[in-house]
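The values are calculated or read from the model by the stated rules, or taken from the named source; none is laboratory data. These figures come from a predicted structure and were not determined experimentally. So basically every Cβ, Gly included, is an ideal-geometry build from the backbone, and we count neighbours across all protein chains shown. For accessibility, only protein heavy atoms count, side chains too; no ligands or nucleic acids. Shrake-Rupley method; radii C 1.70, N 1.55, O 1.52, S 1.80 Å.
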Amino acid sequence: MPEVAPMLIVCPERARAEVELVGGRLGCPSCEGVLGPWGHGRERVLRCGDGARWWRPRRARCRECAGTHVLLPGVALLRRRDEVSVIGAAIEAKVAGAGHRPIAERLGVPKDTVRGWLRRFIARADAIRAHFTRWAFVLDPEVGPVLPAGSGIADALEAIAVAARGWVLRFGPEPVWRIVASLSGGVLLCNTSCPFPSVR
């Protein structure tokens, strides 16, 4: 299985992320070092709810361990061409009982793409639930139990909602699926070779 370049989720505003990178304010996800600029990845299209956008991922290199990383904007997930909010809308619709074809039609995304997202989410539901439950308790130590919601994917979505609530209580309002991208390190729908980042 090929190695996956470590990812670091940054704010979606490119100029602000660049200032943080150049100013040495981004920590290395692999060690305690500081990241510095290291070129760009290839330009690609990100399909968003309001149309397609071109973007070029920024690369960074740690000044301590020399590891390289891709800075993924908080609106995207690793190896996905669609904005995280579009993927999130599909997951929410599936939990509400919709099938992949009507979801795809409503979102304007190919049905095979939606089916792939949903299959991956279902396959990783237990790991997603566990990861976001840990985050819920880190973000809000006084949170009550994350109650079962009726199915594996519903339980995973419930854990996401509770963790997002903890984020909002601690840091202020932010779109839920951007919180999900950040807390998952961009690997929400990756295969098992892309483990979730540690919860700190």
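Pairs linking a residue in the range 58-85 that is at positive phi to a residue that is surrounded by fewer than 22 Cβ atoms within 10 Å (Cβ to Cβ) and modelled with pLDDT under 90, with Cβ atoms under 7 Å and 6 or more positions apart or on different chains, are Arg79/Cys190.
On the basis of being in contact with a strand residue (DSSP E or B) (Cβ under 7 Å, 6 or more places away or on another chain), open to solvent by less than 50 Å² (accessible area, probe 1.4 Å) and in a helix (DSSP H, G or I), does Ala130 make the cut?
no
Counting only residues that are touching a Cys at 6+ places or on another chain (Cβ under 7 Å) and of a type in the set (A, V, I, L, M), the range 56-85 holds 1 of them. Please tell me if Glu174 is under 22 Å from Pro73 (Cα atoms) and not hydrophobic (A, V, I, L, M, F, W, C). The answer is yes for Glu174. Within the range 90-123, the set of residues being under 18 Å from Val162 (Cα atoms) and either surrounded by 22 or more Cβ atoms within 10 Å (Cβ to Cβ) or touching a residue at least 24 places away in the same chain (Cβ under 8 Å) (or both) comprises Ile91, Glu92, Val95, Phe121.
Residue-wise test of (1) closer than 19 Å to Leu21 by Cβ; (2) buried (at least 17 other Cβ atoms within 10 Å of the Cβ).
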residue	(1), (2)
Gly41	yes, no
Arg44	no, no
Ala52	no, no
Ala60	yes, yes
Arg63	yes, no
Val70	yes, yes
Val75	yes, yes
Arg79	no, no
Val86	no, yes
